[in-house]
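The values are calculated or read from the model by the stated rules, or taken from the named source; none is laboratory data. Just so you know, these numbers come straight off a predicted model, no measurement behind them. Note that we place each Cβ from the backbone using ideal geometry, even for glycine, and neighbour counts take in every protein chain shown. Areas reflect the complete protein model, heavy atoms only, side chains present, ligands, DNA and RNA absent. Shrake-Rupley method; radii C 1.70, N 1.55, O 1.52, S 1.80 Å.
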Amino acid sequence: EVIQPGGNQLVLLEEQVNRMIQSVIMMREQTKLHHRQELQESNALKGAVLDAALDCIITVDQSGKILEFNEAAVSTFGYQNHEIIGKNATDLLISPARREHYHQVFIQYISSQVKSPSNKRFKMVALRSDGNEFFVELAISPLKLAGKRIFTAYLHDITSRMRAEDEIKSLAKFPAESPTPMLRINHRGVIIYANHASEFLLNYWECGIGQTLPFFWQKLIDQVMTVGKNKEIETLCEDRIFSLLLSPVNEL
């Protein structure tokens, strides 16, 4: 059998084309596999970051439907992922009495964020699954994915902070409302605060806020600050006897 030279070249060319096609197919599959692995790694990393976050991270779409709910949110609100994913955020996380107000706030806030994103935060009252309300600080970040706009909400439980602030305010009011004379005096003996009940003592000492105590009391204040311990002393002011407790606050 005689094979024409032209036929050999045609067969060789066909084999080369087939090998090239196979190489392209193999490269395409390898690229797909690589992209799939990168996507899996990216999702795993994203999931790890979300779950490790100390604050609640909730992602919602434009209608308010919850897309993601991290572990901190699960712990804080008391909902499991299967109970809340796909549900409306305001319906579950805000009490009915406050829902309309916050709905309007969200619309205004989201509209402003879309036009000009900022790091602005605001306080709001959220609702746990057991019906208890608590204070949170909220920040919203808009994102655009595949032509759709979604929003990631970062919520920080500030219940403890609010309670501490209330306690501080309450303590701050105490000296002013107390019927007992209360004064703050610095280490040089200068009066920096005196409540209304201290007026009798100040008149007797002939000094006021911003002025220095009489020399005897200056020395006594200096001794107490040096020793760093409370000292109680009685003093006669006209027809009254006062028992004064000198309590040093060395941190100040």
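Tabulated data for the structure shown
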{"read-out": "Residue within the range 36-44 that is modelled with pLDDT of 70 or more and either outside any strand (DSSP E or B) or over 36 Å from the mean Cα position of the chain (by Cα) (or both) present", "value": "yes"}
{"read-out": "The range 60-71 residues that are on the phi < 0 side of the Ramachandran plot, paired with ones that are among the aromatic types (Phe, Trp, Tyr) and not in a helix (DSSP H, G or I) (beta carbon under 9 Å, 6 or more apart)", "value": "Val60/Phe151; Asp61/Phe151; Gln62/Phe151; Phe69/Tyr79"}
{"read-out": "Cβ-Cβ under 9 Å pairs, at least 6 apart or on other chains, the range 185-198 side touching a residue at least 12 places away in the same chain (Cβ under 8 Å), far side open to solvent by less than 10 Å² (accessible area, probe 1.4 Å) and assigned to a strand (DSSP E or B)", "value": "Ile185/Ile191; Ser198/Ile191"}
{"read-out": "Complete set of residues in the range 107-152 that are within 17 Å of Asn88 (Cβ to Cβ), at pLDDT 75 or above and not charged (D, E, K, R)", "value": "Met124, Ala126, Leu127, Ser129, Leu138, Ile140, Ile150, Phe151, Thr152"}
{"read-out": "So Ile158, is it within 21 Å of Ala73 (Cβ to Cβ) and at pLDDT below 90", "value": "no"}
{"read-out": "Within the range 225-247, tally of residues that are surrounded by 13 or more Cβ atoms within 10 Å (Cβ to Cβ), of a type outside the set (Phe, Trp, Tyr) and closer than 16 Å to Ala194 by Cα", "value": "2"}
{"read-out": "Those residues of the range 119-135 which are open to solvent by 100 Å² or more (accessible area, probe 1.4 Å) and part of a strand (DSSP E or B), in sequence order", "value": "Lys123"}
{"read-out": "Cβ-Cβ under 8 Å pairs, at least 6 apart or on other chains, the range 91-108 side at negative phi, far side open to solvent by 80 Å² or more (accessible area, probe 1.4 Å) and modelled with pLDDT of 80 or more", "value": "Ser95/Glu133; Arg99/Asp91"}
{"read-out": "Selection count, the range 200-218, where residues are free of Cβ contacts under 8 Å to residues at least 24 places away in the same chain and open to solvent by less than 100 Å² (accessible area, probe 1.4 Å)", "value": "7"}
{"read-out": "Identity of the residue in the range 184-235, in contact with a Cys (Cβ under 8 Å, 6 or more places away or on another chain) and aliphatic (A, V, I, L, M), that ends up farthest from Lys173 (Cα to Cα)", "value": "Leu213"}
{"read-out": "Looking only at the range 65-82, and only at residues there that are over 19 Å from the mean Cα position of the chain (by Cα) and part of a helix (DSSP H, G or I), the one that is surrounded by the most Cβ atoms within 10 Å (Cβ to Cβ)", "value": "Asn81"}
{"read-out": "Boolean, Asp222 is open to solvent by 50 Å² or more (accessible area, probe 1.4 Å), more than 23 Å from Asn250 (Cβ to Cβ) and free of Cβ contacts under 8 Å to residues at least 60 places away in the same chain", "value": "no"}
{"read-out": "Scan of the range 83-97 for residues that are part of a helix (DSSP H, G or I) and closer than 16 Å to Leu138 by Cβ, ordered by number", "value": "Ala89, Thr90, Leu92, Leu93"}
{"read-out": "Failed item, numbered, when Ala197 is tested on (1) surrounded by 15 or more Cβ atoms within 10 Å (Cβ to Cβ); (2) closer than 21 Å to Leu252 by Cα", "value": "(2)"}
